[in-house]
1. For each of 38, 89, 70, count neighbouring Cβ atoms within 10 Å of the residue's Cβ, then give the residues from fewest to most.
2. Could you tell me the relative contact order of the range 1-88? Use alpha-carbon pairs under 8 Å, at least six residues apart, and round to a whole percent.
3. Please give the direction-averaged projected area of the C-alpha convex hull for the range 91-184, in square nanometres with one decimal.
4. Could you tell me which label, among [x] 16.7; [y] 17.7; [z] 18.5, carries the value of Kirkwood radius over Cα pairs in Å calculated for this structure?
5. Given the range 1-88 reduced to its alpha-carbon atoms as identical point scatterers, what log10 I(q)/I(0) does the Debye formula return at q = 0.17, 0.24 Å⁻¹?
6. With everything on Cα atoms, drop me the angle between helix 9-29 and the longest principal axis of the chain, reported from 0 to 90° to the nearest 10.
7. For the chain, take the longest principal axis of its alpha carbons; what is the angle in degrees between that and the long axis of helix 33-56, to the nearest 10 within 0 to 90?
8. Taking neighbour counts of Cβ atoms within 10 Å as a proxy for exposure, in what order, fewest first, do 137, 35 appear?
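Throughout, read-outs are computed from the coordinates displayed, never taken from laboratory work. Not measured: the values here are computed from a predicted model. Note: ideal-geometry Cβ built from the backbone for every residue, glycine included; neighbour counts use all protein chains shown.
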């Protein structure tokens, strides 16, 4: 890997997103909710900007393909864990988010080793899941800052959407894995045996 690939603007923005994470957590623990919210919004902006810059200036890289989703998962999964530990959301949301991600990571690793499968692009359900998680964390934190009815409604709505899209995207992932395995001939259908 060349140093120039690491130093591209999109990859630097992705790394910056990771740098924001401990400061968001520390401010949540100290109940500086407004500062934590501002930092989370800034982290979200880096996510939006790195993709735009990469496409506009043709700075896509193999490192960026792996680094960007890792940064997203690290940010969101950690936020769900911390919010649950601080009793700001119910544990069921954190458990289902972590269960999906751990299962997908495990299955992906196994499929890469035994069948050479990789490059699972995010499906529409996966993208919707990520967006609902971002919105859920945003509204949970916003409601800590402004105790309004619309902020509470957004909190409830996007936490429920996260729950639904996490399950839908996991099921869709299983279906995609099956299709790719069949396409590669990695799954052999046994011949029917006479009864």
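1. Fewest-to-most ranking of 38, 89, 70: 70, 38, 89.
2. 40 percent
3. If you wrap the Cα atoms of the range 91-184 in a convex hull and average its projections, you get 6.3 nm².
4. Computing Kirkwood radius over Cα pairs in Å and matching it to [x] 16.7; [y] 17.7; [z] 18.5 gives [z].
5. The computed values of log10 I(q)/I(0) come out as -0.69, -1.10.
6. The angle comes out at about 60 degrees.
7. In the chain, helix 33-56 runs at an angle near 50 degrees to the longest axis.
8. Ranked by crowding around the Cβ, least crowded first: 35, 137.
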